Amino acid sequence: MRLVLLGPPGAGKGTQAARLVAKFAIPQLSTGDMLRAAVAAGTPLGAQAKEIMNRGELVPDQLVIDLIDLRTSAPECAGGFILDGFPRTIAQARALDVLLACKKMKLDAVIELVVDESALLARVENRNQETLRAGGVVRADDNPQSLKTRLAAYRAQTAPVSAYYAERGALRQLDGMAPIGEVSSAIDGALGG
Ligand code: AMP
């Protein structure tokens, strides 16, 4: 199963990806997680990405394309993968097509969790409270200013990616405002049970 999960910050992609990882025993490839790990490890990539991420802007396409190219070639991805947070621009979607074709791989599904933008700030705030209660650390970009920028980036750069896949007949849009269990069932239905 090779799957792309699309949706704005707070849409529930991470929650659904975690469930699908367990269900299909395939890895979740989150470019956001990879970049945060690079920042935490203090690598040159992390140094390049840190301030851009903190502002809520998108890092340059080639950085994430290279990450995904490398990871999708790893043996752990032989049985499939879930792309979470990638592709986020049309250039990334095109590059993904090319790199998958080179590896003789194809996407099985592109699922977009459609959510009401006015609910997203509250959702992210809830996620932050849960993280704090569990003793975790809130993401540096989960503040109102960066969130505003992340949502603007989503509207301007990532929303066209839905249209890109819709034109190719690959997109399934699901109601991300439904309770988690219903979203899970809808995804399972879209993936064929
Ligand atoms: P996320 O964890 O998916 O919300 O991503 C957190 C931040 O990492 C984003 O706001 C961007 O700065 C950066 N990022 C993650 N994935 C991408 C991507 N595919 N393209 C560009 N920037 C990305």
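Just so it is clear, none of the values below were taken in a lab; they were calculated from the coordinates. Just so we're clear, the structure is a prediction, and the values are computed from it rather than from any experiment. Because the Cβ atoms are built from the backbone with ideal geometry, glycine has one as well, and the counts that use them run over all protein chains shown.
Quick notes on this one:
- Annotation for Gln173 and Ala37: the two label points, set 7 Å from Cα along the Cα-Cβ direction, are 3.4 nm apart.
- Number of Lys pairs (Cα under 27 Å; 8 or more positions apart or on different chains) in the stretch 2-190: 10
- Ranked by the mean number of other Cβ atoms within 10 Å of their residues, highest first, the peptides 129-140, 112-123 come out as 112-123, 129-140.
- Note on Lys148 and Glu182: the extension gain reaches 9.5 nm, defined as 0.36 nm multiplied by sequence separation minus the Cα-Cα distance.
- Remark: the Ala163-Glu130 segment gains 8.5 nm on full extension, using 0.36 nm per residue and subtracting the alpha carbon distance.
- Value at 222 nm in deg cm²/dmol, rounded to 500, when DSSP H runs of n ≥ 4 in the chain each add -39,500 (n - 2.57): -17000 deg cm²/dmol
- Pairwise FRET efficiency - Ala190 versus Val98, Cβ, R0 = 30 Å, nearest 0.05: 0.75
- Here the spin labels are modelled as points 7 Å beyond Cα on the Cα-Cβ line, and at Ala74 and Ala47 they lie 2.4 nm apart.
- Of Ile180, Ile187, the sequence from fewest to most neighbouring Cβ atoms within 10 angstrom is Ile180, Ile187.
- In summary, the chain shows an alpha-carbon radius of gyration equal to 0.98 times the 2.2 N^0.38 Å reference for compact globular proteins.
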